[in-house]
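*Asks:* Have a look at this one.
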Amino acid sequence: MSNEERKIKGNKGYYVKNKKKIIKQFNSLVKVTKQIISPNYNTVVVEDITKQAYNELENLLSRLPYVGGDKSPFTSLMIQSAETIAFYKAYKSLGLSEREMGKLIYETAEIYSHSISSLKKWLYRKAIFSEKMKNYWRNWLIKSKKHLFFENWVGDFVESDSKSFNYGINFTECGWLKLVDKESAGDVAPYACLCDYARMRALGIGFKRTKTIAAGADMCDFRFIKDYQTPRGWPPEDLEENKALNEK
């Protein structure tokens, strides 16, 4: 067994060990969820949904795949994926359609992202276009292609074309889709991908994408662009990534 294999095996309980921190982050999302669903459902239903979401997340933590720990950018993505699935499973009891559930998840991401402090938004904007961040992603994407973590994201760093974007990432494998497949939540996958637009727009980070694996493409082509207004992710039909799909 290699040192890397020993490290992965030794971190099987990573998310359970970090449960307190993960739940603290989840609390903020729960507050937003209550804000969205309370006008349409009574207090008992809202509290039941909330309790179920917490239970679903706690159960998921022991099943989440380790993808590199604290230093890996994929770890936060995996936790976000688990949070989305927890809400999805809790929302199922409401009898919503896939689109209604997708809109609910999108609106949660949108309101939560807007609630981030102005200082943190500024720091995000400053960091994401820095050489340090670009090198960070270059290195982790090279590691991703070694497939040390089989349920991870895998992709390539894309250098600037000096015209239309500052840099990009082409994800050819998606940890989110691998997870939702295991958790029987694949029907909401394309809608949850729209949350990328909600986050980037709220943070003031220029973001573009023309296709996604969730919609049947060969990759997700993330592009980060300075001084560009990220479009709203809802309705999904207005986005370029879905227009291209509908034209096929």
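The values are calculated or read from the model by the stated rules, or taken from the named source; none is laboratory data. Please read these numbers as outputs of a predicted model, since none were measured by experiment. Note that we place each Cβ from the backbone using ideal geometry, even for glycine, and neighbour counts take in every protein chain shown.
*Asks:* Would you please list the contacts, defined by Cβ atoms under 6 Å and residues six or more apart or on different chains, that run from a residue in the range 26-45 that is surrounded by fewer than 13 Cβ atoms within 10 Å (Cβ to Cβ) to a residue that is modelled with pLDDT of 95 or more?
*Replies:* Here the result reads Ser38/Val46, each pair linking the range 26-45 to a residue that is modelled with pLDDT of 95 or more.
*Asks:* How many residues does the range 194-221 hold that are closer than 17 Å to Phe129 by Cα, among the hydrophobic types (A, V, I, L, M, F, W, C) and out of contact with any Asp or Glu (no Cβ under 8 Å at 6 or more places or on another chain)?
*Replies:* Looking only at that region, the number is 3.
*Asks:* Just give me the residues in the range 162-184 being more than 14 Å from Ile128 (Cα to Cα), assigned to a loop (DSSP other than H, G, I, E, B) and in contact (Cβ under 8 Å) with a residue 60 or more places away in the chain, in sequence order.
*Replies:* Across the range 162-184, the qualifying residues are Ser164, Glu183.
*Asks:* Of Tyr66, Tyr15, which residue is part of a loop (DSSP other than H, G, I, E, B), modelled with pLDDT of 95 or more and either closer than 18 Å to Ile105 by Cβ or within 17 Å of the chain's Cα centre (by Cα) (or both)?
*Replies:* Exactly one of Tyr66, Tyr15 is part of a loop (DSSP other than H, G, I, E, B), modelled with pLDDT of 95 or more and either closer than 18 Å to Ile105 by Cβ or within 17 Å of the chain's Cα centre (by Cα) (or both), namely Tyr66.
*Asks:* If you take the residues in the range 185-222 that are assigned to a helix (DSSP H, G or I) and free of Cβ contacts under 8 Å to residues at least 40 places away in the same chain, which one is surrounded by the fewest Cβ atoms within 10 Å (Cβ to Cβ)?
*Replies:* Gly186
*Asks:* Just name the residue that is surrounded by the most Cβ atoms within 10 Å (Cβ to Cβ) out of those in the range 175-184 that are in contact with a helix residue (DSSP H, G or I) (Cβ under 8 Å, 6 or more places away or on another chain) and farther than 22 Å from Val158 by Cβ.
*Replies:* In this case the residue turns out to be Leu179.
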